[in-house]
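S.K.: Following this message is one structure expressed as structure tokens.
The values are calculated or read from the model by the stated rules, or taken from the named source; none is laboratory data. Everything numeric in this text was worked out from a predicted model, so none of it was measured. With ideal geometry, Cβ positions are generated from the backbone for all residues, glycine too; neighbour counts draw on all protein chains shown. Only protein heavy atoms, including side chains, enter the accessible area calculation; ligands, DNA and RNA are left aside. Shrake-Rupley method; radii C 1.70, N 1.55, O 1.52, S 1.80 Å.
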Amino acid sequence: MEGNNLEKTLQEGNLFRQLNCLIVAHLRHHNLTQAARAVASATMTPLDVEAPPNKLLELVAKGIAVEKDETLRGVLSSTLFDLGTALGYGLNPDPRVSSVDFSAVQDTKGSSKSFPKHETRHLSEHKNIARCARFSPDGKFVATGSADTSIKLFEISKIKQMMLPDSKEGPVRPVIRTFYDHVQPINDLDFHPQSTVLISGAKDNTIKFFDFSKATAKRAFRVIQDTHNVRSVSFHPSGDFLLAGTDHSIAHLYDVNTFQCYLSANTPEIGVNGAINQVRYSSTGGMYVTASKDGAIRLWDGVSASCVRAIADAHGTAEATSACFTKDQRFVLSCGKDSAVKLWEIGTGRLVKQYLGATHTQFRCQAVFNDTEEFVLSIDEPSNEIVIWDALTADKVAKWPSNHIGAPRWIEHSPTEAAFISCGTDRSVRFWKENL
């Protein structure tokens, strides 16, 4: 009995030491040096202890997800979403290893990598401009939204089968669902992180929920009626909340189960041209970022919804059209109609990289990382090309013809593999994947 108690005490002590190390490393990584010193001193933990960036946040998020899953077992009938594994959804593959350390952005000249050659294929056409695209978190599906008010859902495995040189199974149709329920153009899409639910935001001031596990479903099963044009949508990683970026200058936060809307009570002074072009959560939901028509990039606390940093002239007087976090949540990549793509350090608001050489002044252009964050992709409108930079050196490493008639309106990279989608004014949707 005494041996068991001793073993338990030793295990608990080891667990506390690991937790203290993670807390100190977390505070230090987020530039909270004074707090890190205080915790290190109080717990006798080395201040320079090493841990992967945001490891503590990742473990907490996983713990919350497990606790939520255990709570939901046996009471699924009372929840909004069926958390089944229809279509094998939600079983995320191991991501390709990222070798990028963005903290080393100042010491990387002359070490640019080559972007692998890709093959491309026309997948489908909408009846009007293809305006947006989004991959599912597991990389198994991609959806596109159009000015014709329709949404197409593609299965990636079917796309790859279609791209084989001699498919013996005859013609393959990669479009597995088409949804019609909006009355105005689609602006943005997102997938629920665990359930087979796709949401869309549109100019008709609505956010619609589609269950893509049901082959016959064409209409939304739930609808949020907003007060403004819904320009952008983003699910919280837990799936319990979603953000809507609208013509209003403050993102609208919705509880997914009750559809109650919350607005931040602590907001900066924002002018009349503060409509949000894009809103995106960080990987753990601890923060979210907005890119606005007034040229500003604003960072918000994911819990209190208060603005923690505003980069007022991130893109001068031109619109900021997109913004997304790095996986470690220490940097934000933004794009604007000033033809600039920029990397910002969250802790200081400092500009650390500019990716130049692509002109985009007309459309709501995206700049995105590839899945390993080694490269940045965007669009050059005059030449109708896709431009790729080395993410660390900011050197332009490739320019490819887009194969669209007219410049693409949107580019979106898979979160799990070397593949991306482009869609545009010519109504077409193209899939790109690395040549193997």
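S.K.: Any idea what the dipole of region 116-432 comes to, in debye rounded to 20, about its Cα centre with Lys/Arg Cβ at +1 and Asp/Glu Cβ at -1?
M.R.: Here region 116-432 has a charge dipole of around 660 debye.
S.K.: Order the following by accessible area, largest value first: Lys218, Lys353. Probe radius 1.4 Å; ligands, DNA and RNA are ignored.
M.R.: Listed by decreasing accessible area, they come as Lys218, Lys353.
S.K.: Right, something else. In square nanometres, what is one fourth of the surface area of the convex hull spanned by the alpha carbons of region 116-432?
M.R.: The orientation-averaged projected area of the Cα hull of region 116-432 comes to 15.1 nm².
S.K.: Okay, next question. Which entries in Lys55/Lys293; Lys140/Lys203; Lys117/Lys293; Lys293/Lys353 show an alpha-carbon gap greater than 31 Å?
M.R.: Among Lys55/Lys293; Lys140/Lys203; Lys117/Lys293; Lys293/Lys353, the Cα-Cα distance tops 31 Å for Lys55/Lys293; Lys117/Lys293.
S.K.: So what are the ³J(HN,Hα) numbers for region 339-348, from phi and the Karplus equation (6.51, -1.76, 1.60; θ = phi - 60°), rounded to whole Hz, Gly and Pro as x?
M.R.: For region 339-348, the Karplus-derived couplings read 6, 10, 10, 9, 10, 10, 7, 5, x, 10 Hz, x marking Gly and Pro.
S.K.: Take the Cβ-Cβ distance between Thr227 and Gln362 as r, set R0 to 22 Å, and report the resulting FRET efficiency rounded to the nearest 0.05.
M.R.: FRET efficiency, Thr227 to Gln362: 0.20.
S.K.: In percent, how large is the relative contact order of region 271-330, given Cα pairs closer than 8 Å and 6 or more residues apart?
M.R.: 35 percent
S.K.: What spacing in nm lies between the two simple spin-label points modelled at Leu436 and Leu32, each 7 Å away from Cα in the Cβ direction?
M.R.: 4.3 nm
S.K.: Taking only protein heavy atoms into account and a 1.4 Å probe, give the accessible area per residue of region 116-432 in Å².
M.R.: 35 Å²
S.K.: What number comes out for the charge environment of His126, summing +1 per Lys or Arg and -1 per Asp or Glu over other residues with Cβ under 12 Å away?
M.R.: Cβ neighbours under 12 Å give a net charge of +2.
S.K.: Go ahead and run the numbers for FRET between Lys117 and Asn384, Cβ-Cβ distance against an R0 of 22 Å, rounding to 0.05.
M.R.: 0.70
S.K.: Sticking with this one: Can you grab the distance from the C-alpha centre of region 137-158 to the C-alpha centre of region 363-436, Å, no decimals?
M.R.: Each part's Cα centre sits 17 Å from the other's.
S.K.: Ordering Ile176, Ile379 by accessible area with a probe of 1.4 Å, largest first, what comes out?
M.R.: Solvent-accessible surface, decreasing: Ile176, Ile379.
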